[in-house]
Amino acid sequence: MFTKTFFSTIAVAALFAASASAICPGYRFGVSLTSNNGPWQVFDNACNIVHQVDAKNPCTAGVFGCNSAQTSPTALHLNGQNYACNADPNPESCNGKSIQVCCN
C-alpha cells in the first residue's frame, strides 16, 4: 500500500513538473506591460512576481529604462543589477498577464 501511494505521489509530482513552462527562454525576467495605470509586473522564469510598479508611466519610476517615446522598457534596474530588455517574440503569459518584454 505504501509503495503504491509513494509512486502515485511521485508520478503526480513529475506530471506537474513536466507541465510547468518557463517564460522568456534565455532571459532572467519577463515584464507584463499594462495599457492603463498599472501595475507593471516583473516575473522570473517560473512566473513568480519579483517586482511590481504601480504607476501610470513606470518609465519614470526608476525601475525601468525606456525607449525615447517612454512606452516600452529597454532596461530593468532590479536589486542593484542592470538588465537589458528586448521585445518578447513569443506569445507568453504569467498568471493571465501577457509578457511583452524579456530582460537579461
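Only one of these conditions is not met by Thr60: (1) over 15 Å from Trp40 (Cα atoms); (2) modelled with pLDDT under 90. Which number is it? Every listed condition holds for Thr60 apart from (1). Does Asn48 fit the bill of being modelled with pLDDT of 95 or more and open to solvent by 70 Å² or more (accessible area, probe 1.4 Å)? Taking the combined requirement at face value, the residue satisfies it.
When the residues of the range 24-37 are filtered to those that are among the hydroxyl-bearing types (Ser, Thr, Tyr) and open to solvent by 20 Å² or more (accessible area, probe 1.4 Å), the one that is farthest from Glu92 (Cα to Cα) is Ser35. Within the range 53-62, the set of residues being open to solvent by 20 Å² or more (accessible area, probe 1.4 Å) and touching a residue at least 12 places away in the same chain (Cβ under 8 Å) comprises Asp54, Ala55, Lys56, Asn57, Gly62. Residues that are in a loop (DSSP other than H, G, I, E, B) and of a type in the set (A, V, I, L, M, F, W, C) were ranked within the range 38-68; the one that is farthest from Ser93 (Cα to Cα) is Ala61. Taking each residue of the range 85-103 that is assigned to a loop (DSSP other than H, G, I, E, B) and looking for partners that are surrounded by 18 or more Cβ atoms within 10 Å (Cβ to Cβ) and at pLDDT below 95 with beta-carbon atoms closer than 9 Å, six or more apart or interchain, yields Asn95/Ser32; Asn95/Gln41.
The values are calculated or read from the model by the stated rules, or taken from the named source; none is laboratory data. Note that the structure is predicted; figures quoted are calculated from it, not measured. In this analysis, Cβ positions are derived from the backbone assuming ideal geometry, glycine residues included, and neighbour counts consider all displayed protein chains. These accessible areas exclude ligands, DNA and RNA; they are computed on the full protein's heavy atoms, side chains included. Shrake-Rupley method; radii C 1.70, N 1.55, O 1.52, S 1.80 Å.
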